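Asker: The structure under discussion is supplied below as structure tokens; questions concerning it will follow.
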Amino acid sequence: MLRIKRAHLPPLREEVFALRYRSYRKEAAIARHPSEAFEDEYDYQSNHILWALTFEERVVGSIRTTWFEPGANELIPEMRTYSEEIAELVPEGCRLLSGNRLVTDPDLSLMSAQFVILLLRHHMMVAALKADWAVAAARINHVAFYRRLLMLEKASSPKMYPGLLCRMYLMACDFRANIDQVLLNTPMLRGRGYERLLLDNDYADVWEIGLPVEVHA
């Protein structure tokens, strides 16, 4: 059974970091490391949710949802590389949300499209609460996907991105102006009511038990 979980305790987070490493190494996007894990400073800030998608308790996908509140000290990854572009594009005082470190199990490539939809659905549930503008960093071969599915538009020249060996484009959109059309175009991205339990701190006991998910549920 596929389950979506919030990874907040070390054992599950370590599985996510190991999957990230395998996924990025498959595309030669990161250097080899003896730990065979890929993590960064943003994994230890409070302004994020680390999502883990599991199949029979094996982590098969993950995305990190990070957000920035105006005036806050904790930034999101894109603000480090594309600070000038964001300052020019995003109106002052707007809340930013980023989906980053999106990975799926490279050994299950035939299922990756379904895994991505499930992960993005939960990312979008957070966006509905915390985002005025949405941003993401994408490799050139992923630009069309982000434009088609999330209505993000390319907003920078390609730049080196923290932790990776490849250049990435900043992609961005006015989330409030586009969310209705995004959900109309791809209804599978609309969160199910029971899935919102994972956003409620009163239900922390289910975070790493997770909830069953289906793409067409």
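Asker: For region 14-112, give me every one of the strands (runs of 3 or more DSSP E) that falls completely inside it and has 2 or more residues that are in contact with a Pro (Cβ under 7 Å, 6 or more places away or on another chain) and of a type in the set (S, T, N, Q).
Answerer: Here the list reads 96-104.
Here is a yes/no grid of residues against (1) closer than 21 Å to S156 by Cβ; (2) not β-branched (V, I, T):
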| residue | (1), (2) |
| --- | --- |
| V59 | no, no |
| S62 | no, yes |
| L75 | yes, yes |
| M79 | yes, yes |
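Asker: Next question. Pull out all pairs, ordered by first then second residue, where Cβ-Cβ is under 7 Å, the residues are six or more apart or on different chains, the first lies in region 181-205 and is under 19 Å from A7 (Cα atoms), and the second is of a type in the set (D, E, K, R).
Answerer: Final answer for the pair search is G191/R121; L198/R6.
Asker: Only one of (1) buried (at least 18 other Cβ atoms within 10 Å of the Cβ); (2) in contact with a helix residue (DSSP H, G or I) (Cβ under 6 Å, 6 or more places away or on another chain); (3) part of a helix (DSSP H, G or I) fails for Y203. Which number is that?
Answerer: (1)
Asker: A further question follows. Would you say L170 is in contact (Cβ under 8 Å) with a residue 40 or more places away in the chain, at negative phi and not small (G, A, S)?
Answerer: Details: in contact (Cβ under 8 Å) with a residue 40 or more places away in the chain: yes; at negative phi: yes; not small (G, A, S): yes.
Yes; evaluated as a whole, the condition is true for this residue.
Asker: Also, I was wondering about something else. Tell me, yes or no, whether region 140-151 has at least one residue that is at positive phi, under 16 Å from the mean Cα position of the chain (by Cα), at pLDDT 95 or above and not aromatic (F, W, Y).
Answerer: Yes; the residues of region 140-151 include at least one that is at positive phi, under 16 Å from the mean Cα position of the chain (by Cα), at pLDDT 95 or above and not aromatic (F, W, Y).
Asker: Okay, moving on. May I ask you to list pairs of residues, at least six apart or on different chains, whose Cβ atoms are under 8 Å apart, with the first in region 83-111 being touching a residue at least 24 places away in the same chain (Cβ under 8 Å) and the second being small (G, A, S) and part of a loop (DSSP other than H, G, I, E, B)?
Answerer: Every condition considered, the pairs that remain are E85/A155; E85/S156; L89/A155; R95/A131; L96/A131; L97/A131.
Asker: I need the full set of residues from region 35-73 which are under 21 Å from L164 (Cβ atoms), free of Cβ contacts under 8 Å to residues at least 60 places away in the same chain and of a type in the set (D, E, K, R), in order please.
Answerer: If the condition is that a residue be under 21 Å from L164 (Cβ atoms), free of Cβ contacts under 8 Å to residues at least 60 places away in the same chain and of a type in the set (D, E, K, R), then E36, E39, E41, D43, R64 are the ones that fit.
Asker: Moving on to the next point. Only one of E78, E74, E41, E36 is within 14 Å of the chain's Cα centre (by Cα) and of a type in the set (D, E, K, R). Can you tell me which?
Answerer: Answer to the check: E78.
Asker: I've got another one for you. Specify which of the listed residues (F115, F68) is at pLDDT 95 or above, among the aromatic types (F, W, Y) and in contact with a Gly (Cβ under 7 Å, 6 or more places away or on another chain).
Answerer: F115 is the lone residue from the list that is at pLDDT 95 or above, among the aromatic types (F, W, Y) and in contact with a Gly (Cβ under 7 Å, 6 or more places away or on another chain).
The values are calculated or read from the model by the stated rules, or taken from the named source; none is laboratory data. These numbers come from a predicted model, not from an experiment. Quick reminder, even Gly has a Cβ in these numbers, built from the backbone with ideal geometry, and neighbours come from all protein chains shown.
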